[in-house]
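To keep things clear, I will list the structure first and then write my remarks on it.
The values are calculated or read from the model by the stated rules, or taken from the named source; none is laboratory data. All of these numbers come straight from a predicted model, not from anything done at the bench. Note: ideal-geometry Cβ built from the backbone for every residue, glycine included; neighbour counts use all protein chains shown. We work out accessible area using only protein heavy atoms, side chains counted, and drop any ligands, DNA or RNA first. Shrake-Rupley method; radii C 1.70, N 1.55, O 1.52, S 1.80 Å.
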Amino acid sequence: MSLVALAAPASPTVLAFRRGANQWSALFPKSRGTGSSLFANSLRKRLRLRFFASGNNGGIVEEISEAKKEPKNFVWPDNKKPRVCILGGGFGGLYTALRLESLEWPDDNKPQIILVDQSERFVFKPMLYELLSGEVDEWEIAPRFLDLLANTSVQFFKDRVKVLHPSDHWGMNVSKESRCGGTVHLESGLQIEYDWLVLALGAEAKLDVVPGATEFAIPFSTLEDARKVNDKLTTLERKTFGKDVQISVAVVGCGYSGVELAATLAERLQNRGIVRAINVETMICPNAPPANREAALKVLSSRKVELLLGYFVRCIRKLSELESSDTLTGVDENSTEVAPAIEKYILELQPAERGMQSAILEADLVLWTVGTKPPLPQLEPSDAPFVIPLNARGQAETDETLRVKGHPRIFALGDSSALRDSSGKILPATAQVAFQQADFTGWNLWAAINGRPLLPFRFQNLGEMMTLGRNDAVISPSFIDGLTLEGPVGHTARKIAYLIRLPTDEHRLKVGISWLTKSSIDLVSSLQSTLYKVLSGS
């Protein structure tokens, strides 16, 4: 779950009034009596101020009554069974809920589970790139939560988290008879009291580090982002169709996400556009296995992706009409064709090392793939901040069992967790880390509820996978030294690995049939094309 609102302001009071002291006094006469002031205060709570100016005749009276939204307490079906609230429906949250459902619970002690996410769909993020290439359909990698949870007892709420009020931290004066771990306040006004809480809120794009990025750059981490990028590309393709104009795309960041995005877009645009990838480091995917990096470089080079390494973006701004007059409205002396009006952006690049010159980059589309921020710091209650221990990145500090330090009833995983490996490094925010942590979180919740010892989490690196376009990928499995699968073989292996990781058996079956059907159609089409070439050549 990406965007979590801090705290929606309470519905303001509504009160319409006429201009002039007499009309105002008529609505609220001056009085020193207690009863009158109580009446006025009560009315102010129920009404919202609204003023309308109307020519020379002054204001128009409009009185709109609106009852103040009162918080509602969620009523659990069974007060005797454990109550588990999971915040975030990504890999960590959804898979924890499904893991809890799959376990055997003794003595009818199966917990009641609520899953909260701001979106109605679970998104299999590693395959968002395939939406841009047209290789997968949206329903395949973004099924609805209600469909995935239809055969379970998990309740799903589409809502945003507003404030957390944990009451289980060490040293707090809480009755020993109380089993309540705290309360979650949602943006809709609903309050959920829980016994156990799971923080799996993910992270959102961090665009505010560079001037202009928030206004002009598009991140690529959610389904909404993928839709926006696809719509923007489709518009650009239509505007430039049949014209001698190149679509220019700038990708900021050359980690896994930036490289996968650049390779996918370069394949889609082909000779109709150019993709430039910018990275502050002098190499792409610095944390990737060398074989993966070399395979990616080979593909990027073959698709003529321009790599601007050793640069960081100083600012992004819209190209002004004055600057663009020569480039966008210019007409060739020998042609009457006018370049299409396309909104363009300027990226000012600063070298990260000495000896390099600053650069100016012009682009029709700017994509942002660097930097994230967890939403946990936004959820601190104003009356008791820093209740949950957070690191400098805004992640919850956890022990090796994935419990938040000082909070025996709160677990955190994925991007919300700051768990370190044996070397002291914080585990990366990758899908396979979240997969594995969800499995352990589900088990440790079972153990905690049933009074059993909790297991320490140990991350097992299974290898690295990277998509590089339709029918092209690279995989380096960790369990076989020196093995790297590239091209169509790597692409097939990657899709099979992700098919196995889809959340439910029913969805896995539907997607498997769909992918098999598409592959068969593509194979027949390829054979027909080959046969036609052979026959026409003879």
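Taking the highest mean first, how do the peptides 347-354, 82-89, 130-137 order by number of other beta carbon atoms within 10 angstrom per residue?
82-89, 130-137, 347-354
When N counts the residues of region 83-149, how does its alpha-carbon radius of gyration compare numerically with 2.2 N^0.38 Å, as a ratio? Present the calculation step by step, with values, prior to reporting the outcome.
Working: Rg = 14.4 Å, N = 67, 2.2 N^0.38 = 10.9 Å.
Relative to the 2.2 N^0.38 Å estimate, region 83-149 comes out at 1.32.
Could you pull the Rg and Dmax for region 369-528, using just the Cα atoms, both in Å?
When restricted to Cα atoms, region 369-528 yields Rg and Dmax of 20.1, 70 Å.
Students often forget the sequence filter, so: which lysines lie under 27 Å Cα-Cα from Lys158 once same-chain residues fewer than 8 apart are removed?
Filter leaves Lys68, Lys69, Lys72, Lys80, Lys81, Lys110, Lys125, Lys206, Lys228, Lys373, Lys510.
Can you give the direction-averaged projected area of the convex hull of the alpha-carbon atoms in region 392-480, in nm²?
Values: hull surface 30.9 nm².
Result: 7.7 nm².
Ignoring ligands, DNA and RNA, what percent of the 1.4 Å accessible area of region 463-516 is carbon and sulfur? Mind dumping the intermediate values first?
On the way: 1700 of 2700 Å².
The nonpolar share, carbon plus sulfur, comes to 63 percent.
Counting every Cα pair in region 356-443, what percent are over 22 Å apart?
Numbers: 1503 of 3828 pairs.
Looking at region 356-443, the distances longer than 22 Å represent 39 percent of pairs.
How big is D, in µm² s⁻¹, for region 429-502 by Stokes-Einstein at 4 °C and 1.567 mPa s if Rh is the Kirkwood radius over C-alpha pairs?
Values: Rh = 14.1 Å.
It diffuses with D of about 92 µm²/s by this estimate.
Taking a probe of 1.4 Å, how large is the accessible area per residue of region 463-516, in Å²?
Working: 2700 Å² over 54 residues.
In whole numbers, region 463-516 has 50 Å² accessible per residue.
Counting only other residues whose beta carbon sits under 11 Å from that of Val474, what net charge do I get with K and R as +1, D and E as -1?
On the way: positive: Arg293, Lys298, Arg494; negative: Glu260, Glu294, Glu464, Asp472, Glu486.
Residues close to Val474 contribute a combined charge of -2.
Taking only the Cα atoms of region 231-325, how large is their convex hull per residue, in Å³? Can you show the working numbers first?
Working: hull volume 10.6 nm³, N = 95.
Per residue, the Cα convex hull of region 231-325 comes to 111 Å³.
Tabulate in residue order the Karplus-calculated ³J(HN,Hα) for region 224-234, using 6.51 cos²θ - 1.76 cosθ + 1.60 with θ = phi - 60°, rounded to whole Hz; enter x for Gly and Pro.
With coefficients 6.51, -1.76 and 1.60, one gets 4, 4, 4, 4, 5, 5, 5, 5, 5, 5, 4 Hz.
Using a probe of 1.4 angstrom, how much of the accessible area of region 85-134 is carbon and sulfur, in percent?
On the way: 610 of 1440 Å².
So the carbon and sulfur contribution to the accessible surface is 42 percent.
What span do the alpha-carbon atoms of region 179-276 cover on each of the three principal axes, reported in whole Å from largest to smallest?
Computed over region 179-276, the largest-to-smallest principal extents equal 68, 27, 27 Å.
In whole percent, how big is the carbon plus sulfur part of the accessible area of region 253-294, probe 1.4 Å, protein atoms only?
On region 253-294, the fraction of accessible area on carbon and sulfur atoms equals 50 percent.
Hey, could you get me the Stokes-Einstein D for region 463-516, Kirkwood radius over alpha-carbon pairs, 20 °C and 1.002 mPa s, rounded to whole µm² s⁻¹?
Result for D is 183 µm²/s.
HN-Hα J couplings of region 279-291 from phi, Karplus 6.51/-1.76/1.60, θ = phi - 60°, integer Hz, Gly and Pro as x?
Calculated HN-Hα couplings, in order: 9, 6, 8, 8, 9, 8, 6, x, 9, 7, x, x, 5 Hz.
Counting alpha carbon pairs within less than 8 Å and at least 6 residues apart, what relative contact order, in whole percent, applies to region 161-315? It would help to have the intermediate numbers written out before the result.
Details: 187 pairs, mean separation 25.0, N = 155.
It comes to 16 percent, rounded to a whole number.
What is the set of long-range amide H partners of Phe312 at a cut-off below 5 Å, with H atoms built 1.01 Å from backbone N?
HN-HN under 5 Å from Phe312: Gln350, Ala352.
What whole number of Å gives the distance from the Cα centroid of region 251-284 to the Cα centroid of region 515-534?
Their Cα centres are 29 Å away from one another.
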